[in-house]
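Undergrad: A single structure is presented below for examination.
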Ligand code: A4P
Ligand code: MG
């Protein structure tokens, strides 16, 4: 089997029980073959970006090690989105769950199916704030995630809770 690669994901939800959906998505990632969760950021409540007339999101970032290819990881995350009730309507519109691959070790590519690193990650405080907690020195386009985060306006992006790893029940949000 090949050596695992490090990858970072951004998860977002703004419909339904947002906390429960995010927790369940992390649990499903963790339960997936070829995926090991290395770190989960705090949870942030964030003003909608792009299309602003929609409910606020909860966002978090996940670090993982995986033996999957980038395309294999995308198929997995899209399967989890679908199984959690994601229906694709409009671009940047409301969603039960969205899982974006931000960065995948050793891969820079741009195809319609997959662009790595994620093209908007350095413009989004809702991505950079959680990611800076778990990958501050990761370098994207010549700058660290922490430097990108310091440079961005993070008004409307609020850390609301730590993410708690419970041995029995899997990850849960602290109340
Ligand atoms: N795709 C290409 N590259 C990637 C990648 N690195 N990771 C393709 C994941 N997918 C990637 O995505 C459309 C297509 O992008 C996929 O078929 C995949 O092959 P989608 O999830 O079906 O559609 P979408 O999410 O509506 O479009 P898009 O452009 O991915 O939107 P974003 O960028 O995900 O933005 N505001 C706040 N505060 N918090 C949020 O989480 N999210 C969005 C969605 C907008 N505003 C937000 C938030
Ligand atoms: Mg998306």
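Undergrad: Specify the inter-centroid distance of the range 1-74 and the range 94-139, based on alpha-carbon positions, in whole Å.
TA: Using only Cα atoms, the two centres lie 10 Å from each other.
Undergrad: Could I ask something else about it? What list do you get for 97, 140 if you sort them by fewest beta carbons within 10 Å?
TA: Ascending Cβ contact count within 10 Å gives the list 140, 97.
Undergrad: Defining a contact as two alpha carbons under 8 Å apart and six or more residues distant in sequence, what relative contact order in percent does the range 1-139 show?
TA: Taking the mean separation of contacting Cα pairs over the length of the range 1-139, I get 34 percent.
Undergrad: Could you estimate the translational diffusion coefficient of the chain from the Stokes-Einstein equation, with Rh from the Kirkwood formula over C-alpha pairs, at 10 °C and 1.306 mPa s, in whole µm²/s?
TA: 98 µm²/s
Undergrad: Can you tell which of 108, 162, 146 shows the greatest fluctuation in a Gaussian network model of the chain with Cα springs below 10 Å?
TA: Most flexible of the set in this elastic network: 108.
Undergrad: Would you mind classifying the range 18-109 by shape? Square roots of the alpha carbon gyration tensor eigenvalues, ordered a ≥ b ≥ c; an a/c under 1.5 is rounded, otherwise it is prolate if a/b is larger than b/c and oblate if not.
TA: Since a/c reaches 1.5 and a/b is larger than b/c, the shape of the range 18-109 is classed as prolate.
Undergrad: Could you please rank 44, 120, 8, placing first whichever residue has the fewest other Cβ atoms within 10 Å of its Cβ? Walk me through the numbers on the way to the answer.
TA: On the way: 44 25, 120 15, 8 28.
The order, fewest Cβ neighbours first, is 120, 44, 8.
Since every read-out is calculated from the coordinates, none of them should be taken as a lab result. It should be emphasised that the depicted structure is a prediction, and the values quoted were computed from it without experimental measurement. Positions of Cβ are backbone-derived with ideal geometry, glycine not excepted, and every protein chain shown enters the neighbour counts.
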